[in-house]
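K.L.:
Sharing a structure here in structure tokens format.
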Amino acid sequence: MSTRVVRLDDPEALDVSAVGAKAANLARARRAGLPALDGFVVTLAASAEPLRQAAEELARRGSGAARMVLLRSELDEALAAEIDGAAAALAEPLIARSSSALEGEGTWAGAFASLPELRRDEVPKALRSVWSGMFTLEALERFEAAGIEAGSAGMGVLVQTELAPDCGGAATVDEIGAVTVSAVKGSPRDLLAGWVPGVRATVGPDGSISGTEALELIGAATLRGVAQLAREAASKLDCNLVEWAVTGGTALLLQVQRTVTAPGTESMVLPAALGHPEARRLARLVMRHPGALGEELVLGWAAAPGFSERDTGRPVSGESGELLAQARSFAAELTAAAWGRPAEESVALARSALRRLRGDRPNESIEALGGLAPPDPVAAGEVLRIIERLGEALGDPHGVWYHTVDELAEFLAGTASPERGRVGRDRWEPFLAGVAALGGEARSGIGASGGVGAGRLVWVSSPTSVDHVRPRDVIVVQYPLPNFAPLLWDAAGLVALGGAPSAHLMEVARSLTVPAVVSCPVDDLFPTGTSGRRGPHTSLHLGTVDGDEGRVAVLEL
């Protein structure tokens with residue numbers, strides 16, 4: 001038995017480590033009697049040596065050279081003959097699809113391309129092209145965000161007959177058996193890629209249908225047939241997400257997987273005090289000085305009503321470790337002066353007030369912080385300049401805010417290194433979300449990934465124009481295209497002007513627990529310039545993304 005070409009009905013096709021997640025799930029579906037097309041897989045083993053050579057070339061000469069290694073690689077005669085034999089059993093045209101072991105996780109949805117409209121003799125060339133997709137710039141950015149070495153996971157290639165469907169889309173099943181169906185006429189490719197919104201309907205366990213546009217587009221019988229197919233996949237395979245197509249009146253499975261279902265989220269705490277103008281002022285302060293460092297060195301004194309962020313600090317010089325010690329000392333003195341108590345007592349009072357501000361008693365903290373004496377502008381400016389210098393020393397001007405003072409001391413002393421990975425949700429996001437929800441303007445969309453997140457709204461025009469994006473920003477895009485996925489590892493939320501909840505990028509968002517809303521009109525916040533391009537941001541807009549309710553609250557600070 002070959003270890004490099006496996007038919008979907010072979011027992012080996014059930015092994016994810018051999019054929020990748022996409023192919024293994026379809027093999028399971030066929031074995032369970034579900035309607036998935038026949039096909040074969042060129043296994044991960046066949047890609048191991050070519051990918052190893054490409055990874056070496058990546059280190060030497062970059063992405064383009066790595067892809068050329070794969071595109072020019074020669075298949076040995078035995079493998080070519082096996083592919084020819086397997087392809088001969090399938091009707092043309094064919095489609096070659098990626099099937100990596102990684103694609104069992106939603107974070108890799110839409111990461112790699114498919115090659116449609118193939119003749120049988122074009123499959124070997126398509127095979128090499130699919131392999132090369134592991135080394136595109138977009139894929140490499142996703143590998144870097146996930147902390148995985150490019151080429152290490154292996155790449156299977158699934159080959160099947162390509163359909164010319166009457167309609168297609170995606171469907172998800174919830175805990176009570178209700179099925180949400182997204183659909184378009186013809187191929188679902190553009191719907192899943194994020195280019196078009198499609199239509200949506202919900203089919204209840206009793207067969208009831210809500211969704212007028214979907215009923216008009218594909219009909220009740222098709223919707224109920226797709227819902228039944230989705231329920232069977234959930235029951236037999238424990239996969240609550242299917243991609244489907246209907247041809248000749250028959251619903252077929254294109255892909256099955258287990259998608260993340262957001263846990264029941266607690267309602268936002270919205271004390272009335274968060275609608276106070278002082279809460280808005282504090283929210284602006286928190287956004288400029290977030291994270292643990294902001295709370296330790298800045299917010300305890302900068303929350304005074306008279307604080308201004310004018311550039312009044314003296315130039316700072318010295319070693320980074322010395323500067324950090326100075327900042328800690330200056331911050332204690334500024335806090336003592338603001339609260340009118342000894343430094344140690346003042347720091348404790350500040351921490352308590354900031355903690356209550358984030359909790360369910362913000363009114364008490366707003367009153368206490370409103371009575372603080374304004375800080376000395378020269379000393380305040382010096383602290384902020386030192387933090388700026390420390391961020392430059394770390395090579396991360398904004399990320400520096402998300403470390404504690406003790407962590408920074410270790411980094412600067414060389415006894416520890418900042419860990420790669422996600423910054424994670426900031427402690428202030430529930431407070432920011434509440435301020436925006438009470439004081440901002442609500443924009444309605446369609447919830448695509450559950451939960452609530454809050455941060456600075458930034459426009460991203462393309463996956464290559466991201467220099468202005470910072471950790472815990474709310475990313476705003478025209479369409480939810482898969483190439484934006486690397487940005488989501490550290491996003492507070494995602495808003496798309498167009499697209500659909502079934503887009504692959506939304507599966508990435510759900511897997512990373514990033515709240516997301518689609519079809520939400522926030523484009524007026526980013527007007528176009530003379531070049532016809534939108535600016536990344538016009539002023540400081542706080543956005544709260546409520547993926548459960550499908551709303552975005554926008555507040556200009």
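The values are calculated or read from the model by the stated rules, or taken from the named source; none is laboratory data. Note that the structure is a prediction, hence the values are computed from the model and not measured. Here the Cβ positions follow ideal geometry from the backbone for every residue, glycine too, while neighbour counts run over all protein chains shown. Note: accessible area is taken over every heavy atom of the protein model, side chains too, but ligands, DNA and RNA are not part of it. Shrake-Rupley method; radii C 1.70, N 1.55, O 1.52, S 1.80 Å.
K.L.:
Quick one: is A27 open to solvent by less than 30 Å² (accessible area, probe 1.4 Å), without any contact (Cβ under 8 Å) to a residue 24 or more places away in the chain, closer than 30 Å to E232 by Cβ and small (G, A, S)?
P.N.:
Against the criterion (open to solvent by less than 30 Å² (accessible area, probe 1.4 Å), without any contact (Cβ under 8 Å) to a residue 24 or more places away in the chain, closer than 30 Å to E232 by Cβ and small (G, A, S)), A27 qualifies.
K.L.:
Return the residue satisfying two criteria in turn: it lies in the stretch 516-530 and is on the phi < 0 side of the Ramachandran plot and open to solvent by 10 Å² or more (accessible area, probe 1.4 Å), and of such residues it is modelled with the lowest pLDDT.
P.N.:
Across the stretch 516-530, the extreme among qualifying residues is T530.
K.L.:
Additional query: Consider G204 against the criteria (1) touching a strand residue (DSSP E or B) at 6+ places or on another chain (Cβ under 6 Å); (2) modelled with pLDDT of 95 or more: it satisfies all of them except one. Which criterion is unmet?
P.N.:
Exception for G204: condition (1).
K.L.:
Would you check if there is a residue in the stretch 93-109 being farther than 19 Å from P188 by Cα, aliphatic (A, V, I, L, M), modelled with pLDDT of 95 or more and open to solvent by 20 Å² or more (accessible area, probe 1.4 Å)?
P.N.:
no
K.L.:
Name every residue in the stretch 110-136 that is farther than 20 Å from S47 by Cβ and either part of a helix (DSSP H, G or I) or open to solvent by less than 20 Å² (accessible area, probe 1.4 Å) (or both), in order of residue number.
P.N.:
Hits for the stretch 110-136 are R120, D121.
Each row is one residue, and each column tells you yes or no for (1) over 30 Å from the mean Cα position of the chain (by Cα); (2) farther than 18 Å from V130 by Cβ.
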site	(1), (2)
V6	yes, no
P11	yes, yes
N25	no, no
L37	yes, no
E56	no, yes
G62	no, yes
A66	no, no
E77	yes, yes
A81	yes, yes
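K.L.:
Looking at V226 and the list (1) modelled with pLDDT under 95; (2) assigned to a helix (DSSP H, G or I); (3) more than 22 Å from R358 (Cα to Cα), which single condition is not satisfied?
P.N.:
Against the list (1) modelled with pLDDT under 95; (2) assigned to a helix (DSSP H, G or I); (3) more than 22 Å from R358 (Cα to Cα), V226 comes up short only on (1).
K.L.:
S152 - would you say it is touching a residue at least 12 places away in the same chain (Cβ under 8 Å) and surrounded by 21 or more Cβ atoms within 10 Å (Cβ to Cβ)?
P.N.:
no
K.L.:
Taking helices (runs of 4 or more DSSP H) that fall entirely within the stretch 360-414, which contain at least 1 residues that are under 30 Å from H276 (Cα atoms) and open to solvent by less than 10 Å² (accessible area, probe 1.4 Å)?
P.N.:
Counting at least 1 such residues, we get 362-370, 377-394.
K.L.:
Are there strands (runs of 3 or more DSSP E) fully within the stretch 1-102 with at least 1 residues that are aromatic (F, W, Y)? List them.
P.N.:
Those strands (runs of 3 or more DSSP E) span 39-42.
K.L.:
When residues of the stretch 489-519 are filtered for being farther than 12 Å from S449 by Cβ and among the acidic types (D, E), how many remain?
P.N.:
1
K.L.:
Restricting attention to the stretch 326-359, and to residues there that are over 16 Å from V383 (Cα atoms) and basic (K, R), which single residue is surrounded by the most Cβ atoms within 10 Å (Cβ to Cβ)?
P.N.:
Among residues in the stretch 326-359 that are over 16 Å from V383 (Cα atoms) and basic (K, R), the one surrounded by the most Cβ atoms within 10 Å (Cβ to Cβ) is R358.
K.L.:
Here is a follow-up. Might you check whether a residue that is out of contact with any strand residue (DSSP E or B) (no Cβ under 7 Å at 6 or more places or on another chain), at pLDDT below 90 and not β-branched (V, I, T) occurs anywhere in the stretch 492-509?
P.N.:
no
K.L.:
A follow-up question, please. For the stretch 460-470, indicate whether the set of residues that are without any contact (Cβ under 8 Å) to a residue 40 or more places away in the chain and surrounded by 24 or more Cβ atoms within 10 Å (Cβ to Cβ) is non-empty.
P.N.:
Among the residues of the stretch 460-470, not one is without any contact (Cβ under 8 Å) to a residue 40 or more places away in the chain and surrounded by 24 or more Cβ atoms within 10 Å (Cβ to Cβ), which makes the answer no.
K.L.:
Going by the structure shown, is V69 within 16 Å of A13 (Cβ to Cβ) and either β-branched (V, I, T) or modelled with pLDDT under 90 (or both)?
P.N.:
It is false that V69 is within 16 Å of A13 (Cβ to Cβ) and either β-branched (V, I, T) or modelled with pLDDT under 90 (or both).
K.L.:
Given the options A139, A145, name the one that is of a type in the set (A, V, I, L, M, F, W, C), out of contact with any strand residue (DSSP E or B) (no Cβ under 8 Å at 6 or more places or on another chain), open to solvent by 10 Å² or more (accessible area, probe 1.4 Å) and part of a helix (DSSP H, G or I).
P.N.:
Only one candidate passes the filter, namely A145.
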